[in-house]
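Undergrad: First the structure, then my questions, so here it is.
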Amino acid sequence: MKEVLVLGAGYAGLKAVRNLQKQARDFHITLVDKNNYHYEATELHEVASGSQPKEKISYLITDVINPKKVTFIQDEVLKVTPEAKIAELKNTGVISYDYVVISLGFCSETFGISGAKENALEMVNVETAENVHRHILKMMTKYRETKDANYLRLVICGAGFTGIELAGAFVDEKKKYAEIAGVSPDQIEIICLEAATRILPMFNDALAQHGVDLLKKLGVNLMLGSMIKEIKPGEVVYTRGSEADALRYSIFAETIIWTTGVSGSPVMAQSGFDEHRGRVVVKKDLRDPKYDNVYVIGDVSALIEPETNRPYPTTAQIATRMGAHVAKNLGHQLKGEPLEDFNYKSLGTVASVGNTRAFGLVGKNAIKGYPASFVKKSIMNKSLVDIGGLKELLAKGRFDLYH
């Protein structure tokens, strides 16, 4: 019996397993993840702000796999050795495979900025998102004791999708924070620093500007063109403009969250794959260029878009569809059939700015306000169905579509 090993139970890996276990062929699947649950990574900002508990965005892996076809191992992947067809796990040791699907997800990328790792809070999984929320509550309590305004200041480093959605979620929770601190909500400062002068490159100028205007309307201090140079304890050091000798400025805050960027899992480099920032440029059928039995998908994969000759952005949408495609190709490979190329066209992208505000694209059509918020929650629900099934949708779904 052939052994299919899937490393990582994020959007890509778990979708591959869900589709593989439906196939009536004679093979066995082993799924490995360091957590015993899958979580909706696109909703981590809600846990970080406190607008949703972690239980709302996660569910047990064993609830959605077929134990007759799949063995789940909760363990940390240390290394893959494709020449020997083995993977090394922290506690379990070495396991063998005939085919492997590597979907190990992302980690925070600091780009070498001094102090970012030590002095800023990351938000890359459920634990770190919960840590952000606990930290904010603690800082609000500290304000009551000290009356130091730095405890009321929330600084987000990076105005990408994650930073913008986190800022919007903070806006929604300002009243709760203010009650703990004993101040009015308008005393809670939300600041978002970004080096670029134009954000959200996936949107046209008008839609991106709508996002900027919306954040400012909500009271978020969006500081574009601010290049972060260093993170000190309780201090963000940045420059304005591109001059090498530009003056340095500081923002003092006791809550500093790092959302500037991510890279693929460090396991890719440790395993000797030809990678850049933890991502492997894959063939059109989603296999590693050197190994015909190794599929690389999700955040550790770089699939080149023909029109731009650049990798597609790593999103939950493309990861889920990669997982489904790998399951199809593995079915072909197990039967000795030709593999199919993966063709991707985005169905659209929607950013939430709090629970009731959103904007983005559906296909090529711009949507804003309530319709966009409705679509955003529908996307969340579709993800739950695609990977978790109807049971998880009913348990975790967002049914506050009408606010």
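The values are calculated or read from the model by the stated rules, or taken from the named source; none is laboratory data. Since this is a predicted model, take the numbers as computed values, not measurements. In this analysis, Cβ positions are derived from the backbone assuming ideal geometry, glycine residues included, and neighbour counts consider all displayed protein chains. Areas reflect the complete protein model, heavy atoms only, side chains present, ligands, DNA and RNA absent. Shrake-Rupley method; radii C 1.70, N 1.55, O 1.52, S 1.80 Å.
Undergrad: Does residue 15 satisfy being open to solvent by less than 30 Å² (accessible area, probe 1.4 Å) and touching a residue at least 60 places away in the same chain (Cβ under 8 Å)?
TA: Spelling it out, residue 15 is indeed open to solvent by less than 30 Å² (accessible area, probe 1.4 Å) and touching a residue at least 60 places away in the same chain (Cβ under 8 Å).
Undergrad: Would a scan of segment 300-307 turn up a residue that is buried (at least 22 other Cβ atoms within 10 Å of the Cβ) and not hydroxyl-bearing (Ser, Thr, Tyr)?
TA: yes
Undergrad: Taking the options 352, 373, name whichever one is under 23 Å from residue 163 (Cβ atoms), out of contact with any helix residue (DSSP H, G or I) (no Cβ under 8 Å at 6 or more places or on another chain) and open to solvent by less than 20 Å² (accessible area, probe 1.4 Å).
TA: 373
Undergrad: Given the structure, is residue 166 closer than 21 Å to residue 215 by Cα, part of a helix (DSSP H, G or I), under 21 Å from the mean Cα position of the chain (by Cα) and of a type in the set (A, V, I, L, M, F, W, C)?
TA: yes
Undergrad: Test of understanding: among 80, 47, which residue is closer than 27 Å to residue 132 by Cβ, open to solvent by less than 10 Å² (accessible area, probe 1.4 Å) and hydrophobic (A, V, I, L, M, F, W, C)?
TA: When all the criteria are applied, what remains is 47.
Undergrad: Identify, by number, the condition in (1) without any contact (Cβ under 8 Å) to a residue 12 or more places away in the chain; (2) more than 30 Å from residue 344 (Cβ to Cβ); (3) aliphatic (A, V, I, L, M) that residue 227 doesn't meet.
TA: It fails just one condition, (1).
Undergrad: Let me ask something else about it. Restricting the search to segment 268-279, which residues are outside any loop (DSSP other than H, G, I, E, B) and touching a residue at least 60 places away in the same chain (Cβ under 8 Å)?
TA: Hits for segment 268-279 are 268, 270.
Undergrad: Another question, then. Restricting to segment 216-274, give me the number of residues that are under 24 Å from the mean Cα position of the chain (by Cα), over 21 Å from residue 162 (Cα atoms) and open to solvent by less than 20 Å² (accessible area, probe 1.4 Å).
TA: So the answer is 4.
Undergrad: Go through segment 90-139 and count every residue that is assigned to a helix (DSSP H, G or I), farther than 20 Å from residue 159 by Cα and among the polar types (S, T, N, Q).
TA: 1
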